[in-house]
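Student: I have a structure I would like to understand better, so I am pasting it below and will then ask my questions one at a time.
The values are calculated or read from the model by the stated rules, or taken from the named source; none is laboratory data. Just so you know, these numbers come straight off a predicted model, no measurement behind them. Glycine gets a Cβ as well: all are built from the backbone with ideal geometry, and neighbour counts include every protein chain shown.
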Amino acid sequence: MQIQELVPLGPRTTMRIGGNARYYADLQTQHDAEEAWQFAQSKGIPMIALGAGSNTIFADGSIEALVVHVTAAAIDVSGNTVRADAGASLATVVTTLARRGLDLSVLTGIPGTVGGAIFGNAGQGPQGMWIDHFVQTVVVFIEGEWKTLSRAECAFGYRESIFKTWKNPLLWKVTLSVPSRAAGDIERDINAFLKKRSVSQPLTRTAGSCFKALPDGTPAWKVIEAANLKGSTAGDLQVSPKHANFLINTGNGTFADARTLVDTIRERTQTPLELEMRFIGESGSPLK
């Protein structure tokens with residue numbers, strides 16, 4: 001494992017926003033994770049896990065943290081049991097399993113890694129199916145210790161998991177139970193999901209859905225549209241004209257622009273919309 005200093009984080013996120021990590025490291029083995037944690041402890045800074053950067057934006061200055069990226073990305077299949085490293089692309093897992101007649105098609109089109117999907121319990125809307133439906137166990141590194149949690153212990157909910165309540169967990173591996181179905185049928189469903197997403201969602205520099213649905217299940221985009229905020233801007237950040245729950249970077253958008261737009265949406269909608277994206281401040285702490 002090599003620890004680098006002052007590594008730009010913007011290019012490592014899908015929105016292309018963010019300053020520099022004080023320290024940065026790629027993690028391939030569990031020993032790498034242990035070494036990285038010990039290094040962060042010695043510097044008195046947090047260790048923050050970054051997946052594919054599809055739902056995270058960092059502050060514009062220096063992030064006083066060790067930002068780590070899990071590069072371990074193995075996928076092991078035994079019958080209907082699938083073990084996937086946290087660094088594996090979720091899209092790759094979905095398509096790889098489809099060829100073997102294993103059906104995760106409901107997770108089609110969701111960007112990011114397996115670890116990120118588990119952390120935020122990625123999936124369809126409040127009434128749809130989420131990744132936790134398939135989870136058996138999750139291996140996580142927290143406060144210098146390895147733990148294996150059952151699905152029940154993960155306390156999954158809509159875009160929630162116990163990991164969001166812990167201080168800087170590092171998800172490492174997940175075991176899934178995936179149902180079988182004809183490979184051709186799975187492929188047709190994957191293509192249909194991808195076509196639907198390409199029509200309804202922006203395919204540009206975005207961190208994905210910005211806000212969660214309301215507690216009553218009302219989609220955030222409906223609330224934002226009702227306030228006539230589609231296309232609204234703050235600097236180079238814009239509420240997508242295609243899907244109102246996506247913020248897009250149209251040029252040289254900044255963290256400050258994103259925060260301003262979030263605040264504007266909350267004020268104009270007069271609704272306590274809860275963030276689905278992660279905003280990480282200069283201290284390495286998430287913002288609400």
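Student: Restricting the first residue to the range 257-278 and requiring it to be within 24 Å of THR165 (Cβ to Cβ), which pairs with a second residue that is charged (D, E, K, R) meet a Cβ separation below 6 Å and a spacing of at least six or different chains?
Tutor: LEU273/ARG266; GLU274/LYS212; GLU276/ARG159; GLU276/LYS212
Student: Out of all the residues in the range 12-29, which are crowded, with 18+ Cβ neighbours inside 10 Å, out of contact with any Leu (no Cβ under 7 Å at 6 or more places or on another chain) and over 16 Å from ILE57 (Cα atoms)?
Tutor: Listed by number, the list holds a single entry, LEU27.
Student: Just give me the residues in the range 1-23 being closer than 16 Å to ALA52 by Cα and either in contact with an Asp or Glu (Cβ under 8 Å, 6 or more places away or on another chain) or among the acidic types (Asp, Glu) (or both), in sequence order. It would help to see each step written out before you state the result.
Tutor: Taking the range 1-23 and keeping what is closer than 16 Å to ALA52 by Cα, we get 7-18, 21.
Scanning the range 1-23 gives ILE17, GLY18.
Student: Can you say whether ILE63 is part of a loop (DSSP other than H, G, I, E, B) and either touching a His at 6+ places or on another chain (Cβ under 7 Å) or of a type in the set (Val, Ile, Thr) (or both), as far as the supplied structure shows?
Tutor: Working: part of a loop (DSSP other than H, G, I, E, B): no; either touching a His at 6+ places or on another chain (Cβ under 7 Å) or of a type in the set (Val, Ile, Thr) (or both): yes.
No, not satisfied.
Student: For the range 247-262: of the residues being β-branched (Val, Ile, Thr) and not in a loop (DSSP other than H, G, I, E, B), which is surrounded by the fewest Cβ atoms within 10 Å (Cβ to Cβ)?
Tutor: Filtering the range 247-262 for residues that are β-branched (Val, Ile, Thr) and not in a loop (DSSP other than H, G, I, E, B), the one surrounded by the fewest Cβ atoms within 10 Å (Cβ to Cβ) comes out as THR260.
Student: Looking for whichever is surrounded by 19 or more Cβ atoms within 10 Å (Cβ to Cβ) and under 17 Å from the mean Cα position of the chain (by Cα) here; the options are LEU66, LEU90. Which one fits?
Tutor: On the way: LEU66 fails: under 17 Å from the mean Cα position of the chain (by Cα).
After ruling out the rest, the residue left standing is LEU90.
Student: Same structure, new question: For the range 194-232, name all the residues that are hydroxyl-bearing (Ser, Thr, Tyr), over 18 Å from TYR158 (Cβ atoms) and surrounded by 17 or more Cβ atoms within 10 Å (Cβ to Cβ).
Tutor: Within the range 194-232, THR206, SER232 qualify.
Student: Tell me yes or no: at least one residue of the range 45-59 is of a type outside the set (Gly, Ala, Ser), surrounded by fewer than 16 Cβ atoms within 10 Å (Cβ to Cβ) and part of a loop (DSSP other than H, G, I, E, B).
Tutor: Within the range 45-59, none of the residues are of a type outside the set (Gly, Ala, Ser), surrounded by fewer than 16 Cβ atoms within 10 Å (Cβ to Cβ) and part of a loop (DSSP other than H, G, I, E, B).
Student: All but one of (1) without any contact (Cβ under 8 Å) to a residue 40 or more places away in the chain; (2) touching a strand residue (DSSP E or B) at 6+ places or on another chain (Cβ under 8 Å); (3) more than 21 Å from ALA117 (Cα to Cα); (4) not small (Gly, Ala, Ser) hold for ASN245; state the number of the condition that does not hold.
Tutor: (3)
Student: Continuing with this model, one more query. Of the residues PRO126, PRO111, which single one is in contact (Cβ under 8 Å) with a residue 60 or more places away in the chain and either crowded, with 21+ Cβ neighbours inside 10 Å or more than 13 Å from the chain's Cα centre (by Cα) (or both)?
Tutor: Numbers: PRO111 fails: either crowded, with 21+ Cβ neighbours inside 10 Å or more than 13 Å from the chain's Cα centre (by Cα) (or both).
Selected residue: PRO126, the only one of PRO126, PRO111 that is in contact (Cβ under 8 Å) with a residue 60 or more places away in the chain and either crowded, with 21+ Cβ neighbours inside 10 Å or more than 13 Å from the chain's Cα centre (by Cα) (or both).
Student: Those residues that are buried (at least 17 other Cβ atoms within 10 Å of the Cβ) and outside any loop (DSSP other than H, G, I, E, B), I need them from the range 70-82; list them, please.
Tutor: Hits for the range 70-82 are VAL70, VAL82.
Student: Go through (1) modelled with pLDDT under 95; (2) within 22 Å of ALA52 (Cβ to Cβ) for VAL135 and report which single condition fails.
Tutor: The failed condition is (1).
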